[in-house]
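Notes to accompany the following structure.
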Amino acid sequence: MGYFRTALLLAGLTGLFMGVGYLIGGQGGALIALLFAGGMNLFAYWNSDRMVLSMYGAHEVDAASAPDLHRMVAGLAGNAGLPMPRVYIMDNPQPNAFATGRNPQNAAVAVTTGLLRSLDRDEVAGVIAHELAHIGNRDTLIMTITATIAGAISMLANFALFFGGGNGRDNGGVGIIGTLAMVILAPLAAMLVQMAISRTREYAADDLGARISGQPLALASALAKIAQLAHAVPNDDAERNPATAHLFIVNPLSGARMNNLFSTHPAPENRIAALERLAAAMGGHSPLTDVPVAGPWSHGATRGPRGATRGPWG
């Protein structure tokens, strides 16, 4: 089912891509857009995860460079019955995280240094469990490919400002008015796809993630902290790549841009309320006994690769 929905998404976004090409260059532009979209779809399937990680300057860590974090991810992945994903850290002060990869065997979890500094051990475990839930639910393929293609559509629509509306006889007289409409509508359409993908899946990942970690209230606390700090601490990489916002556990965008008028996530208070109901059903807050983490989770900082400041996970 996940692959079928991914195919439908690729077909829909390819059609939108061709529409922008048609308005730029008529039938010839549509054909070029089709060929380009076909190549882009193949490239996105195999490389979209690496592209997104590269956008955020994420660097991979292992059991030697980040023993506590790596051990925590391994323990939670074992609880979830998933293969051990690759683990990345993003040198970013905003607390946030995302998962990516075309399947559980080729998945990655990325967390920011801000997340590791701002949250305690149980809250970090809740966030990681949420991201593992996306991997287990096979959300990461469609979410990552959407980010890649939606970003390309937005760029193509912006190119229309420079190339005009094409020949009026060739494209049926759509001209510059149609082109300007697509400059507005193409990014909006791509964002609506992201919204449709993210809203229901975030609730499902919260629910499964809370069950993986055994602590729905810790995840609820993490969501409250991240939502509050995300508005106060800018994420410059996300602002430059708004089509990737739906990947994160909490919307990383400041809301200053027109694109950000449309939220890609459910309201944090609604997610927290759902987790509180789940906690009551599970018997409240239970200790995190299944996730092995060596030593106390303190917030002292050390120097990591590339001069990054990191906590004891590094």
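If a residue must be farther than 16 Å from T244 by Cα, free of Cβ contacts under 8 Å to residues at least 60 places away in the same chain and touching a Ser or Thr at 6+ places or on another chain (Cβ under 8 Å), how many such residues does segment 38-60 contain?
1
Answer yes if at least one residue in segment 104-115 is over 20 Å from P67 (Cβ atoms), of a type outside the set (A, V, I, L, M, F, W, C) and within 14 Å of the chain's Cα centre (by Cα), and no otherwise.
no
Tell me which residues, restricted to segment 90-131, are of a type in the set (S, T, Y) and either over 12 Å from L53 (Cα atoms) or in contact with a Ser or Thr (Cβ under 8 Å, 6 or more places away or on another chain) (or both).
Those that are of a type in the set (S, T, Y) and either over 12 Å from L53 (Cα atoms) or in contact with a Ser or Thr (Cβ under 8 Å, 6 or more places away or on another chain) (or both): T100, T113, S118.
Within segment 228-237, take every residue that is in contact (Cβ under 8 Å) with a residue 40 or more places away in the chain and among the hydrophobic types (A, V, I, L, M, F, W, C) and give me the one that is nearest to D49 (Cα to Cα).
Only one residue tops the list, namely A230.
Values in this text are rule-based calculations from the coordinates and carry no lab data. Fair warning: this is a prediction, and the values are worked out from it, not measured in the lab. Cβ sites come from the backbone with ideal geometry, for glycine too, and all protein chains shown count toward neighbours.
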